[in-house]
Amino acid sequence: MTALVMKFGGTSVGNAERIREVARIVQSRQGRKRIVVVSAMAGITNLLFEMAEAARQHDLDRAVQILSKIEQMHLEASRSLDLATPDIIGRIKEIVENLQRRIHGIDLLGELSPRTMDEVASSGERLSSILVAGYLGCPLLDARKVIRTDSHFGTARPKLAAIKKLAALHIVPLLESYDIIVTQGYIGSEDAGDTTTLGRGGSDYSAGLIGAALQADEIEIWTDVEGILTADPRLVPSARTVEVLSYQEAAELASYGAKVLHPATVRPALDAGIPVTIRSTFKPDGMYSTISPGESSGRPCVAIAMRRNVVIISVTQESMTDQAGFLAKLFDVFGRRGVSVDLVSTSEICVSVSLDKSAPLEALTQDLEKLGQVSIARERAVIAVVGDLLRKTPEVLRKTFIAIDGIPVDLISMGANAINLSLIVQEAQADRAVQNLHTAFFEEGER
């Protein structure tokens, strides 16, 4: 069976006009069975979190107001799409009424568990998928029947073997009778049947999981930009589309701030040998990026990525070199606090690590002060120069240092995988650093 998985993000299904365009794109892919994976309408997931939090704080009026807004957005879209039938309206209202019961329960208890939040958060995808399936006139499959996960609510981990069996049970029979089916991204269920979510951005992950389970020919990720770009176009208007890149390059770029692709999407597709393309619903016939097994950009620098909200914690201990197991003790602190460390730099007497600023800095400081003197550098950004031939091209270092001349650098790290050169700079200098690096690598040519 020739199958194509097509994932559409929130901006792609953000209103009736965009849903019409989604339908046009899906229908243009004749000759293949199509599994359409949709996100919630743009902004809806944020509203659902805001609504649940308002209920937890006993601001029931605010929660009800937000719920009414969510309902009206979907009812208005259904009318614009000529879908305001008793069946469609009834299914929308059923989800809204369930949300209403949920927020009253949250308000009553003053408690919002991760389990309850997942049930609430899943409503965005379930609502948008009703509209997309209705407009396409095709079956709607509840993703919770297929995406089986553990019980880690909020960031559930998928069970790949179970998903493959469930896809054969629920998706394959539908595709034997229909050319197109619609399902939801982001959501799944654990063994007991409770709703789970894969974490923010998890719709890409859903597409990768379904594609891998079905051994699809291709996974298309439809978003609001023309593929993976050489830099953030908001900072660098001249940024261009990367036509071909490796899975490793894509994963590094995603991890360091390129938000077009969810990093976890790469893994199930890579394991199954399935190419992924990233395309724009606003320019469906425009440029796009292809990530394909065995492919590579073949460039010293394929793109520049940047992530803000970084802090550096440094621990200084003059007798560190005489302490066996010092690093083990240091990283045990981060492990016990559940904190993921990004970049690491060591000297004879000091170890510096970078973290997201959301980490529990006060608690970490108290723990680390038992090992040495602690200092924290805030308001930093990490910039990654990524390319498959980076380490094999000595010119990269020269260009990098010339480009950032005059910009103070706190930490430099060459990734162990040899395709990532990372720099940490002050956040106020980050935009200029990215712009200078892009000019050096893409606008002055790669001499």
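The values are calculated or read from the model by the stated rules, or taken from the named source; none is laboratory data. Everything numeric in this text was worked out from a predicted model, so none of it was measured. Here the Cβ is made from the backbone with ideal geometry for all residues, glycine too, and neighbour counts use every protein chain on show. Just so you know, the surface numbers come from the protein's heavy atoms only, side chains and all, with ligands and any DNA or RNA stripped out. Shrake-Rupley method; radii C 1.70, N 1.55, O 1.52, S 1.80 Å.
Along the chain, the longest continuous region that contains none of the GluC sites (Glu not before Pro) in a DSSP loop with at most 15 other C-beta atoms within 10 Å is 112-242. Put simply, the range 182-255 fits an ellipsoid with semi-axes of 29, 15, 11 Å; these come from the alpha carbon gyration tensor as the roots of five times its eigenvalues, largest first.
A DSSP coil position with no more than 12 other Cβ atoms inside 10 Å describes the following trypsin sites (Lys or Arg not before Pro) in the range 213-322: ARG234.
Once backbone amide H atoms are built at 1.01 Å from N, LEU411 has ILE424 as its partners under 5 Å, excluding neighbours fewer than 5 places away on the same chain.
Accessible surface computed residue by residue for the range 1-113, with neighbouring protein chains in place and a 1.4 Å probe, gives 47 Å² per residue. Taking the longest Cα principal axis of the chain as reference, the axis of helix 86-109 is set at about 50 degrees. Counting only alpha carbon atoms, the long axis of helix 326-336 and the longest principal axis of the chain meet at about 20°. How large, in percent, is the carbon and sulfur part of the accessible surface of the chain at a probe radius of 1.4 Å? Of the solvent-accessible surface of the chain, carbon and sulfur hold 48 percent. Reported to the nearest whole Å, the Cα centre-to-centre distance from the range 380-447 to the range 272-286 is 28.
Rounded to the nearest 5, the antiparallel percentage of DSSP beta bridges internal to the chain is 60%.
Averaged over its residues, the range 151-207 has an accessible area of 43 Å² per residue, based on protein heavy atoms and a 1.4 Å probe.
For the chain, a crude dipole built from +1 on the beta carbon of Lys and Arg and -1 on the beta carbon of Asp and Glu, taken about the Cα centre, is about 680 debye to the nearest 20.
Taking the charge dipole of the chain about its Cα centre, with +1 at Lys and Arg Cβ atoms and -1 at Asp and Glu Cβ atoms, the residue from ALA84, ALA156, ILE419 reaching farthest to the positive side is ALA84. In a reduced charge model with +1 at each Lys and Arg Cβ and -1 at each Asp and Glu Cβ, the range 289-447 shows a dipole moment near 220 debye about its Cα centre. Rounded to the nearest 10 degrees, the angle from helix 44-56 to the longest Cα principal axis of the chain is 90 degrees. In order along the range 421-430, the Karplus-derived 3J(HN,Hα) couplings, from 6.51 cos²θ - 1.76 cosθ + 1.60 at θ = phi - 60°, round to 10, 10, 10, 10, 10, 5, 4, 5, 9, 5 Hz, and Gly and Pro are given as x.
Were the residues from ASP405 through THR277 laid out at 0.36 nm apart, the gain over their Cα-Cα distance would be 42.5 nm. Where does the longest stretch of the chain lie that holds no chymotrypsin sites (Phe, Trp or Tyr not before Pro) found in a DSSP loop with 16 or fewer other Cβ atoms within 10 Å? Result, exposed sites excluded: 1-177. Looking at the range 301-389, the accessible area is 48 square angstrom per residue; that uses a 1.4 Å probe and ignores ligands, DNA and RNA.
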